1. Of all residues in segment 315-350 being part of a loop (DSSP other than H, G, I, E, B) and in contact with an Asp or Glu (Cβ under 9 Å, 6 or more places away or on another chain), which is surrounded by the most Cβ atoms within 10 Å (Cβ to Cβ)?
2. Is it the case, given these coordinates, that residue 195 is at pLDDT 95 or above, among the β-branched types (Val, Ile, Thr) and either over 14 Å from the mean Cα position of the chain (by Cα) or over 28 Å from residue 343 (Cβ atoms) (or both)?
3. I'd like the full set of residues that are under 22 Å from residue 180 (Cβ atoms) and in a helix (DSSP H, G or I), limited to segment 134-155.
4. Tally up the residues in segment 1-17 that are of a type in the set (A, V, I, L, M, F, W, C) and exposed (fewer than 15 other Cβ atoms within 10 Å of the Cβ), please.
5. Looking only at residues in segment 82-133 that are assigned to a strand (DSSP E or B) and not hydrophobic (A, V, I, L, M, F, W, C), which one is farthest from residue 43 (Cα to Cα)?
6. If only one of 47, 77, 32 is part of a helix (DSSP H, G or I) and touching a residue at least 60 places away in the same chain (Cβ under 8 Å), which one is it?
7. Going through 26, 83, 20 one at a time, which residue ends up being surrounded by 11 or more Cβ atoms within 10 Å (Cβ to Cβ), among the hydroxyl-bearing types (Ser, Thr, Tyr) and not assigned by TED's automatic domain parsing to the domain that holds residue 343?
8. Output the number of the condition that residue 312 fails; it satisfies all remaining conditions of (1) under 19 Å from the mean Cα position of the chain (by Cα); (2) over 16 Å from residue 181 (Cα atoms); (3) at pLDDT 55 or above; (4) part of a loop (DSSP other than H, G, I, E, B).
Amino acid sequence: MLDKLRAIEERWKDVEKELSLPDLMSDMKRYAQLSKEYKDLGVIVEAYHRYDEVMSNIDHTRELLMNEKDEEFRSMAKDELESLELNRVNMEEEIRNLLIPKDPEDDKNAIMEIRAGTGGDEASLFAGNLFRMYTRFCESKGWKTEIVDFSEGTAGGYKEVIFNITAPGAYGLMKYESGVHRVQRVPSTETMGRVHTSAASVIVMPEAAEWDVELKESDVRKDIFCSSGPGGQSVNTTKSAIRLTHIPTGIVVQCQDQKSQMKNYDKALAVLRSRLYEVEHQRRTDEASKKRKTLVSTGDRSEKIRTYNYPQSRVTDHRIGLSTYNLQNFMDGNIQDFLEALQLAENAEKMKEGLALA
C-alpha cells in the first residue's frame, strides 16, 4: 500500500507541474481533466501524509519504550502507543476506501429519464410516483431539479419525464437507480380488487460538459414548434418548443418546458450532449462489467432492479436483497439508506477485486 501511495504522490506532483504550464489554458478539456485529477489525488495525498506522521510517531514511541526506565513515563508512552495504533488501523481503512477505483463521472450532475413501461395507465401513474419520489429526495438534500421535457399519461402521471439534477456527486449516488422498477398494487380502475403488476424504466446519465463531446452544428437538425399541454392543446401561441435530431445517430431530444426558445434550445442541447456522451460511457461500463460481474449493475437497463409491493407495504432491491416494510416513507423520498447500501456493496466488490489483483 505504501508503494502505491508514494506513486500517487509522485503523480500528484507531476499534475501540479503540468497545471502551472501557461499553454495549458488553450486546451480546456485537458485543463478540466487535470484539475479534477489533482483534486482527487490531493485527498489521497493528504491522508497519506497524516498516515506517515502517525507511523513516525509510533516508531518514536516504541523507541521511547525501549530506552525509558521511568515507569510513569513508560505507562504514559504505552497509553500513547495504544491510541496511535488505533489511529493507524482507522487510517489504513480510510486509505483503502480512498484507493477503491472511482468512476470519473461520479462527481457530475445527473440527467434522469423515467418512462412508463408495461401496464398502460397504471404504469404512467407509477412513473409519476417515481418522479415525485426522486424530487422529494433531491429536495431533502438541497439539490436543484429542473424538468427538461415530459409527456403526461391519459389518466395522470407521465408517459415520460426527463429532468436535470444539479449537485456535485448527483450522478455518483443516483446512478444506482438505472433499471426497471416494478410495482404491484390494485389500480384505482380495478373493480375486483385484483393486484396488477406494472413497470417503469429509469435511466440516469452523467451530465456532459461542452468539452466532453464534440458536437458539430452540421450534425444537428433543429425543428421549432408550438408547445403542447395535456390533450395536445397549444399552451402558448409562440413557437418556443425545440426538437433536436442528431443526424449520425438518429437520437432525438425535445424541450418545451420554457417559454423562451433559447432556453429550450440550451436545455435540449445539454440532454443531447449527455445522451451522446452516455453512449461512450455505456460502452465503457459494459466492458468493465464483462471483466467484473458486479451484483450492483448500473449498466443493464433491462434488468429488473426493484419491486414496490403495495399490499405488503414492501420495497425490495433485488441486487442486494434489501427490503423495507415502510413503502410510503420510501415513496416520500426517504431512499438514502438504499442508495448507501448499494454504494457500499459496490465498493466492497471493488475492494475484493483490488485485493485479488494485489
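1. Restricting to residues being part of a loop (DSSP other than H, G, I, E, B) and in contact with an Asp or Glu (Cβ under 9 Å, 6 or more places away or on another chain), the top hit is 335.
2. No; evaluated as a whole, the condition is false for this residue.
3. If the condition is that a residue be under 22 Å from residue 180 (Cβ atoms) and in a helix (DSSP H, G or I), then 134, 135, 136, 137, 138 are the ones that fit.
4. Looking only at that region, the number is 3.
5. 115
6. From the options 47, 77, 32, the qualifying one is 32.
7. 83 is the lone residue from the list that is surrounded by 11 or more Cβ atoms within 10 Å (Cβ to Cβ), among the hydroxyl-bearing types (Ser, Thr, Tyr) and not assigned by TED's automatic domain parsing to the domain that holds residue 343.
8. (1)
The values are calculated or read from the model by the stated rules, or taken from the named source; none is laboratory data. All of these numbers come straight from a predicted model, not from anything done at the bench. When we count neighbours, we look across all protein chains shown, and the Cβ atoms used for this are built from the backbone with ideal geometry, even at glycine.
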